[in-house]
Every structure is written in C-alpha cells, then in structure tokens.
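Below: the structure, in structure tokens.
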Amino acid sequence: MENLFKIAKKQFVLFAFFFVVQNIVSQHEFIVLKLTGEPYFIVNDSVKSISKGSVMNKNKLVVMNKNDKLYFINDKGDVFELSDMGKYSYNSLQKIPALKDNTTFTRKYSSYLWKELTNNLETRNDKSGVVYRGDDIVLMRYPADNIKIYYSEIKFEWDSIKDKTKEYFFILKDLDSDKTIKIGTLTTSISLFVDGTFLKENGNYKWAITETKYPNYDKTKFYNFRVLNKSEFEELEKEINDISTLLKRLGHSKKEIRKIICQDYKICY
C-alpha cells in the first residue's frame, strides 16, 4: 500500500510539472519583436500599451490603428507581420502566415531572440528582487562577454562609479600567449588598435575593470572576446546578410542593424 502511495505521489508530481511547463509555454505563444505607431491591448475591458517583449495570448485583444505595424515571433523562430487596422483575437493571430523570407540564419536569430525575451519575462516576474554579486562589482559594458569583433580599433568602455577619484585598472589577458597587461586610468574608456601590439587578428582575449591594482583574479569577473581575421569574417557574412535583410524589413537603419547584430548575435563589425 505504501509503495502504491509513493508511485501515485511521483505520478502526481510529474503531472504537475508538465502542466506548469505547458502553461508557461502557452502563455508565451507570441512575443512582440518590434512595433511602430501605438497599437494596444484590451484585457478584461482595460487598455494596456504594447512594447517590445509584450506577450500576446488568448487573454488579450490586439487593437491596430491606422499606420500601426507590429512584428511578433513564436518559439520556432517564425516572424509575423501585422499592419491592417482592426481588432485581433488570439485565434486571429494564429492564422497570420509567417514571413516567407525566413532563412536558416534568420530563424536561428529569431529563436535566440525568443529565448532572450522569455528570459527577460522570467526575470521581470521574479518576486524576490534579490541580486547576487561577487566581491567586485561588474563594470564592463563593451566589448560584451563572448562576442566576436572585426575592427581595426577596439574601444573598451565601462560604467563609472559615483564620486570615484582614484584610478580604475584595465586588465587585458591574451588567452593564446597567457600574457597580461594592466593599465591604470581615471577615465571610463580606453582604445587599443588591432596592430599586433596588444591586440591581433585571430586572437582570443578576456578583459576586466577593477578598483584595485592587485585584485583577486579568482573573484574577478572577466569578459571574453575574439578578434576575427578577414577570412573568418567573410565566412560569417552570409549569416550577417540574411539577418540584416530581416532587420531591414523590420524598419531598422544600417547603423541600428550593426548595433543589433553586435548586441544580440554577438558579431561586432
């Protein structure tokens, strides 16, 4: 009897787990990727604004005004466009065909965006409000962690600390040669050329900003990046061009496209 109870208990736990997972997925059926104009939701007779990352589900009615345009994605990486005036239920949204020019790369990129947006939703819905840090505050802004760069000059940038009067210490480690350089500065940026002195093409590096000259490296957060050579960049251009086509269709300028690909796709050029 006790064994039967244990089996039933396990089955109930598994059922509850899959129910919760399925409920989360259904709530995230569509997520807003980009919009122009002022479309809005009607939820239980209340009006709510729409922004990038908004969830579109069966509890919301989408209202489109004249000249409004809305792009949204699903978890498969499909991109959809809505531009006609009217009110759209969840069922109506499901009948809209995906954009036909989705390539393998654009679907891969859109799937990545889906994960990022849903992660943001989970963070936003986290009630704890607790933020955990290491011993050192992470100040680095650019280059971000795990990106590939194709530039002749790289400008390292970091956040300032209010009322700080002492030096920041810029630390750069060459992962191929295991050489480390350290520079003290009162500014919040420093530029290095890819000329073989500190940075070279086809090189792998990590960098950090610390407040102390001799930090504990085991507790220091480093950001990794790779400097591409010409042939490596040319191999990535097919992906970049396909993603650029999608972003151009979404209404982004060339400057915005480069910024988005750098931030979201981790290729900066």
Inset, instruction - Kindly check whether there is at least one residue in the range 253-266 that is at pLDDT below 90 and of a type in the set (Ser, Thr, Tyr). - result: yes
Inset, instruction - Look at THR245 and say whether it is over 18 Å from ASP145 (Cα atoms), loosely packed, with under 12 Cβ neighbours inside 10 Å and among the polar types (S, T, N, Q). - result: no
Inset, instruction - Can you confirm whether the range 138-161 contains a residue that is among the β-branched types (Val, Ile, Thr), closer than 21 Å to GLU211 by Cβ and within 24 Å of the chain's Cα centre (by Cα)? - result: yes
Inset, instruction - Show the residue pairs that are 6+ apart or on different chains and have beta-carbon atoms under 9 Å apart, the first residue being within the range 159-170 and more than 10 Å from THR187 (Cα to Cα) and of a type in the set (A, V, I, L, M), the second being modelled with pLDDT of 95 or more and not in a loop (DSSP other than H, G, I, E, B). - result: ILE161/TYR168
Inset, instruction - Out of the residues in the range 217-242 that are basic (Lys, Arg) and touching a strand residue (DSSP E or B) at 6+ places or on another chain (Cβ under 7 Å), state the one that is surrounded by the most Cβ atoms within 10 Å (Cβ to Cβ). - result: ARG226
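Look through the range 57-77, keep the residues that are in contact with a helix residue (DSSP H, G or I) (Cβ under 6 Å, 6 or more places away or on another chain) and closer than 17 Å to LYS115 by Cβ, and return whichever of them is surrounded by the fewest Cβ atoms within 10 Å (Cβ to Cβ).
Going through the qualifying residues, I end up with ASP75.
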Legend entry - Identity of the residue in the range 147-185, among the hydroxyl-bearing types (Ser, Thr, Tyr) and at pLDDT below 95, that ends up surrounded by the most Cβ atoms within 10 Å (Cβ to Cβ): SER160
Legend entry - Those residues of the range 46-93 which are touching a Pro at 6+ places or on another chain (Cβ under 7 Å) and not in a loop (DSSP other than H, G, I, E, B), in sequence order: VAL62, VAL63, MET64, LEU70
Inset, instruction - Select, from TYR132, TYR142, TYR112, TYR90, the only residue that is closer than 30 Å to ASN224 by Cβ, at pLDDT 90 or above, surrounded by fewer than 18 Cβ atoms within 10 Å (Cβ to Cβ) and aromatic (Phe, Trp, Tyr). - result: TYR142
Legend entry - Subset of the range 225-239 (residues that are among the acidic types (Asp, Glu) and in contact (Cβ under 8 Å) with a residue 12 or more places away in the chain): GLU232, GLU239
Legend entry - the range 190-224 - residue that is β-branched (Val, Ile, Thr) and in contact (Cβ under 8 Å) with a residue 60 or more places away in the chain and, of those, nearest to MET140 (Cα to Cα): ILE209
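The values are calculated or read from the model by the stated rules, or taken from the named source; none is laboratory data. Please read these numbers as outputs of a predicted model, since none were measured by experiment. Please note: Cβ atoms are built from the backbone with ideal geometry, for glycine as well, and neighbour counts cover all protein chains shown.
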